[in-house]
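Step one of this worksheet: look at the structure below.
The values are calculated or read from the model by the stated rules, or taken from the named source; none is laboratory data. Just so it is clear, the model here is predicted, and its values are computed rather than measured. Note: ideal-geometry Cβ built from the backbone for every residue, glycine included; neighbour counts use all protein chains shown. Surface accessibility is based on the protein's heavy atoms, side chains included, excluding ligands, DNA and RNA. Shrake-Rupley method; radii C 1.70, N 1.55, O 1.52, S 1.80 Å.
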Amino acid sequence: MKIKESKFVTSAVKEEQYPESDLPEIAMVGRSNVGKSSLINMMLNRKNLARTSSTPGKTQLINFFDIDGKFTLVDLPGYGYARVSKEQKKTWGTIIETYLKNRKNLLEVILLVDLRHKPTQEDIEMYQWIKSYGFNGIVVGTKHDKIKKSQLDKHKKIIRDAFGMDQNDFLLVSSTQSRKGKYEIWDAFNELFEVNGYDVHFERQQEKEDI
Ligand code: GTP
Ligand code: MG
């Protein structure tokens with residue numbers, strides 16, 4: 001099937017504001033400015049469905065996006081943004097944690113890290129947390145266009161080592177500039193649906209079929 005319609009459902013902070021849904025859900029987490037909202041737009045062939053900004057801290061609420069009534073993509077606020085108060089950091093931390101802990105239909109968590117940088121302590125804690133809750137934890141290294149091709153393996157190794165990933169752990173690479181990673185991430189989504197018994201499979205979509 002091809003994506004016919006992806007749409008914004010709602011924003012939420014508290015649990016009672018989450019949309020009621022039995023559909024499988026996939027959430028994007030990562031540091032502020034790592035490219036979560038941009039990746040969602042790339043996956044869905046949309047320019048600005050998920051709001052992006054070069055200023056960190058753009059996404060401050062949990063945003064839910066419905067994909068053809070088949071599954072929900074969730075854009076979470078970023079953590080690690082230095083220029084906010086301690087209070088605000090705590091609030092965002094609670095928003096993210098509450099969602100990840102309590103969302104029953106959450107199928108998988110995609111952890112984004114900037115390919116250029118060594119994962120931070122918060123990234124490492126997030127990865128361990130994802131694993132400890134029984135998710136596979138697919139890692140996506142973003143902004144591939146910002147590093148030299150010859151440096152890719154080195155940067156991937158730094159991330160793998162920092163997280164203590166083994167061969168079975170996924171580390172994908174993405175770029176919203178070259179649109180790299182789009183198909184691989186869709187493949188990973190399709191596999192997730194399949195192994196979890198959902199009859200959902202999205203075809204690789206050509207860019208010219210953009211919606
Ligand atoms: P918060 O909402 O603050 O948590 O940030 P976010 O993780 O949603 O990041 P966002 O998608 O808003 O992107 C942050 C900045 O990085 C924007 O200026 C994007 O254009 C840029 N960006 C995102 N992905 C890429 C990429 O693959 N390559 C390059 N060069 N820039 C990117
Ligand atoms: Mg965002």
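Kindly provide the helix-only [θ] at 222 nm of the chain, computed as the sum of -39,500 (n - 2.57) over DSSP H runs of four or more divided by all residues, to the nearest 500 deg cm²/dmol? Could you put the intermediate results ahead of the total?
Working: 5 runs with 63 residues, N = 211.
Result for the chain: -9500 deg cm²/dmol, rounded to the nearest 500.
Rounded to the nearest 5, what % of DSSP beta bridges with both residues in the chain are antiparallel?
40
Once you order the gyration tensor axes a ≥ b ≥ c over the Cα atoms, which shape class does the range 6-197 get: rounded for a/c under 1.5, otherwise prolate or oblate by comparing a/b with b/c? Show your work: numbers first, answer last.
Values: a/c = 1.34, a/b = 1.18, b/c = 1.13.
It comes out rounded by the Cα gyration axes.
Suppose every Lys and Arg Cβ carries +1 and every Asp and Glu Cβ carries -1, with no other charges. What dipole size does the range 6-197 come out with about its Cα centre, to the nearest 20 debye?
Around 1080 debye, computed over the range 6-197.
For the range 79-96 and the range 99-153, what is the separation of their Cα centres, given in Å?
Rounded to whole Å, the Cα centres lie 18 Å apart.
Report relative contact order for the range 1-84 in percent, whole number only (criteria: Cα-Cα under 8 Å, sequence separation at least 6).
This gives 40 percent for the range 1-84.
For the range 21-35, what does the Karplus curve 6.51 cos²θ - 1.76 cosθ + 1.60, with θ = phi - 60°, yield as ³J(HN,Hα) per residue in whole Hz, taken in order and with x for Gly and Pro?
Couplings: 6, 9, 6, x, 10, 10, 10, 9, 10, x, 4, 4, 6, 6, x Hz.
Counting only protein heavy atoms and a 1.4 Å probe, tell me what percentage of the chain's accessible area is made up of carbon and sulfur.
Numbers: 5020 of 11110 Å².
Whole-percent figure for carbon plus sulfur exposure: 45.
Can you work out the accessible area per residue across the range 134-211, with the rest of the protein chains kept in place, probe 1.4 Å, in square angstrom? Could the numbers behind the result be given before it?
Working: 4660 Å² over 78 residues.
About 60 Å² of surface per residue is accessible.
Going toward the positive end of the dipole of the range 54-211, with +1 on Lys and Arg Cβ and -1 on Asp and Glu Cβ, which of A162, W186, L107 do you reach last?
A162
Any idea what the relative contact order of the chain is, in percent, if you count C-alpha pairs under 8 Å spaced at least 6 apart?
22
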